[in-house]
Amino acid sequence: MKEDLIYEILSVVEEIPQGNVATYGQIARLIGREKNARLVGKALSVAQYYGDYPCHRVVNHAGRLVPGWKEQGELLKEEGVPFRDSTHVDIKKCIWDC
DNA sequence: CCGCTGACTTAAA
DNA sequence: ATTTAAGCCAGCG
């Protein structure tokens, strides 16, 4: 079921240390679905519905924050994530080293 | 049932 | 450095 996918993704997202961020591709690779990065984003969108997860620590490969989300930047700042600008984080420095 | 869109990524030209 | 193409899955009209 797709819920299993949610579980795997959420498990990984939950493992992301504070002050770091992970990319969809990174997570997708960890869960064994390298090509399913899109599903990770989709799953995260429903992840909030499943429970409270740090989905704000997950950004795209460019470090671009989720479109249409205002608090994400603030949340990441609170965790000490370096920002390049209001909508992009310095993923180079805060990328989750797995 | 078909096709498009989307919190995506990587490789190649 | 920038643009194109392709790959994958789920939801919606």
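The values are calculated or read from the model by the stated rules, or taken from the named source; none is laboratory data. Predicted model only: the values in this text are computed from it and were never measured. Cβ placement follows ideal geometry from the backbone for every residue including glycine, while neighbour counts extend to all protein chains displayed.
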A:VAL40: passes all of (1) touching a residue at least 40 places away in the same chain (Cβ under 8 Å); (2) within 13 Å of the chain's Cα centre (by Cα) but (1)
Evaluation of A:VAL58 against (1) surrounded by 15 or more Cβ atoms within 10 Å (Cβ to Cβ); (2) without any contact (Cβ under 8 Å) to a residue 24 or more places away in the chain (one fails), failing number: (2)
Residue list for the stretch A:29-47, filter: more than 9 Å from DNA strand C (Cβ to nearest atom), surrounded by 16 or more Cβ atoms within 10 Å (Cβ to Cβ) and either part of a loop (DSSP other than H, G, I, E, B) or among the aliphatic types (A, V, I, L, M) (or both): A:LEU30, A:ILE31, A:VAL40, A:LEU44, A:ALA47
Taking A:TYR50 as meeting all but one of (1) surrounded by fewer than 19 Cβ atoms within 10 Å (Cβ to Cβ); (2) away from DNA strand C (no atom under 15 Å from the Cβ); (3) at pLDDT below 95, write down the number of the exception. (2)
